[in-house]
1. Which residues, taken from segment 151-171, are modelled with pLDDT under 90 and touching a Ser or Thr at 6+ places or on another chain (Cβ under 7 Å)?
2. Looking at segment 353-366, which of its residues are touching a residue at least 24 places away in the same chain (Cβ under 8 Å) and not acidic (Asp, Glu)?
3. Need the failing condition index for Gly297 against (1) in contact with a helix residue (DSSP H, G or I) (Cβ under 7 Å, 6 or more places away or on another chain); (2) surrounded by fewer than 23 Cβ atoms within 10 Å (Cβ to Cβ), just the number.
4. Filter segment 36-59 down to residues that are surrounded by 15 or more Cβ atoms within 10 Å (Cβ to Cβ) and under 60 Å from the mean Cα position of the chain (by Cα), then give me how many there are.
5. Looking at Ala215, Ala173, Ala180, Ala157, which is the one that is buried (at least 23 other Cβ atoms within 10 Å of the Cβ) and either more than 30 Å from Ser585 (Cβ to Cβ) or touching a residue at least 40 places away in the same chain (Cβ under 8 Å) (or both)?
6. If you go through segment 567-601 one residue at a time, how many are within 24 Å of Pro500 (Cβ to Cβ), open to solvent by 40 Å² or more (accessible area, probe 1.4 Å) and not hydroxyl-bearing (Ser, Thr, Tyr)?
7. Considering segment 567-597 alone, what residues qualify as being of a type in the set (A, V, I, L, M, F, W, C), in a loop (DSSP other than H, G, I, E, B) and at pLDDT 90 or above?
8. Assuming Pro513 fulfils every condition listed in (1) outside any loop (DSSP other than H, G, I, E, B); (2) crowded, with 18+ Cβ neighbours inside 10 Å; (3) touching an Asp or Glu at 6+ places or on another chain (Cβ under 9 Å) apart from one, which condition is it?
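The values are calculated or read from the model by the stated rules, or taken from the named source; none is laboratory data. All values reported here derive from a predicted model rather than from experimental measurement. Heads up, the Cβs are rebuilt from the backbone with ideal geometry, glycines too, and the neighbour counts pull from every protein chain shown. To get the accessible areas, we keep the full protein, side chains included, count just its heavy atoms, and leave off ligands, DNA and RNA. Shrake-Rupley method; radii C 1.70, N 1.55, O 1.52, S 1.80 Å.
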Amino acid sequence: MGESDDVHVVTSGDRIGDFSDPAGRSREEDDWPLLDWAFEQSPLYLALYDVDLRIRRMNTAARHQLGLHQADERGRYLDELLPALPGLDVVAEQLRQVVETGQPVHVTVVGPVLIDSDSRALAISMSPVKDRGGRIRGVYSAAFDISEQYRAQQRLALLNEASTRIGSTLDVARTAQELAEVAVPDLADWVSVDLLESVYQGHEPVAGPLLGPVALCRAAHQSVIEGCPEAVVELGQMDIYPDYSPAAQALAAGQSRVHHISDPDIAHWVAADTNRTAAARRYGFHSVMYVPLRARGTTVGVVTFARHRRAEPFEQDDLILADELAARAAVAIDNARRYTRERATALTLQRSLLPQRLPAQTAVDVASRYLPAGTDMGVGGGWYDVIPLSGTRVALVVGDVVGHGVHAAATMGRLRTAVRTLADVDLAPEELLTRLDDVVTRLAFEEGPPPAAVAIGDENVGDEDVGAVAATCLYAVYDPVSHCCSFASAGHARPTLVTPDGTVDVLDLPAGPSLGTGGQPFEAAEFDLPEGSLLVLHTDGLLKAGGRDTDAGLSALRRALAYPALSLEILCDTLLTAMLPDRLSDDVALLVARTHVLDANQVAMWDLPADPAVVAGVREQASRQLASWGLGEATFITELVVSELVTNAIRHAQAPLQLRLIFDGSLICEVSDASSTAPHLRRARVLDEGGRGLLLVAQLTRRWGTRHTRSGKTIWAEQPLAAQPAPAGPDFTG
């Protein structure tokens, strides 16, 4: 580096004004006045500093903007002259950097750097002043006001931010809050978003012009002051805006308006409300904009932008920006409103298709929960059911339809109805799923094939992706007499068993194909359950919530079940709290059941030979058993039922034969045999000698039926007891 390239710093003792030619050459004398005039008359804010950053000279424009006289600045520091302008600290720091490095600096300073404005944007160029030897003699700065350009850039940046932040969810209140958060503090010091009551509730906006008083609900507000203390209307609260209020006038005209707080329209409205009067005086509101929210030709609400901390009032450019923000937010709010309405419809449909109350029965105590997915996903197709069966048995069902929305909810209702219908036939779990698979296959054929990209069992698939029906299901039948539970699964999440000693185990079941794949067999697995065992049945949404995989979900479920709960209802709440995040990507159906076992003295069984001569003795044994139970008033009907069912089995069925009486709120009579043929109820003709037995049984009892077993079939009949009437409500035929 040559000597001319070296950077030298001179002290304030050197003569900064000595710019004479070292060789003795002097400038033309008439050049100096021209340079002075150019410096003083320049519209730029010009200043010259020595190396100690003392002011040597300023031009007229700079002195005017800083409020200085010509005699004030020479030899003084900026912060000494203007200590109340903290924005000048940035300028001083940059000047110091130029002196230290010898390199020019170009900066944009935003803030209170001029005395006539709270905030200005200045583009400042600072350059070192060197003599012919390369020594730094001072610093020269030139600045000009770019506030308008800066504000335009800020408005564009704010609009860009609004396009990404507003409408991030399909929630009306959240979308309104996003608008308020975007506008504060860059545009306003305080913002409120008030929606028409119908829009806030998710209904259609009122058609036609909004004339007269308007009822508005506060959807959102935001302030530069923490806690938004300026608000006189709480979130979610409705307020009536009279027809002379600026908000009502803006809605009626459909046009944005800018007001000063002293304008007659706004002054009249504020004065009529003591709360608003107090807030306006306390916080010093001075400039307000009212901007209607309009989307697709309809008005959904109004936005209020106000300033009380920033001194400058709103300008026309601010109103244009507010209009643009409101237009973008209105479309997002209307989209959220439409989604809210559709989601409410789907959720109402789904909840109406789920059990309104679980039926009373003896086999198990049950509790259940259903949680829809988050607002972005919508209602899913999960369901649960508890179905009383014959012989005091009970069916526990949990299923899940692929997809979300009304389509999934409607399909869920159809499958739940199909399961209840098939359960009424008393099919074994694996046989029921086979029949249900046929139902799903037929539904899928009616609706058309799914797209090739749709995977069965993918809970993230939406209605727009599902062209066919696909579902999973777990069907379990528990018998409190044998304390045996039979499970069959169609691609569903495995159940969890908690035994009375606290052991938690995920039951190992044959997985089985998902419903709708067709042509593949289902298998059942049986487990002996100690009395007081806890069964937890659920959909995949419980395990995979929060992005967990199945193994991680099962581990979390084991931990949550490791501690006993005071009740099944508390257990459900505990599981949901421990397993689920705040927002769900899939709906969750949960069913928990605690098993009971019938006492041995509630059941009586007799193995019978295939001999008609035993019928009389069987009647006597049944009568004695009823007497021991204290059910003497039921003897007559029971003897008739036993006689008819046993006689039919001896005549038409195959050995071995068995008679079983169960006393559990009602009296159940069962006759089992090894034949697979089932009797049919018919009306006997006048000359027929037989055919009246089942008709007599049907008329004397509350219900009767046939269920097939692996070894044959069972004919059963149930009669209510006057002393202990059966509980009212849905029965297993429903």
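1. Correct list: Gly167, Thr169, Leu170, Asp171.
2. Leu353, Leu354, Pro355, Arg357, Leu358, Pro359, Ala360, Gln361, Thr362, Ala363, Val364, Val366
3. All conditions are met except number (1).
4. The total comes to 5.
5. Residue meeting the stated conditions: Ala180.
6. The number of residues fulfilling the criteria is 9.
7. Within segment 567-597, Val597 is the sole residue that qualifies.
8. Every condition holds for Pro513 apart from (1).
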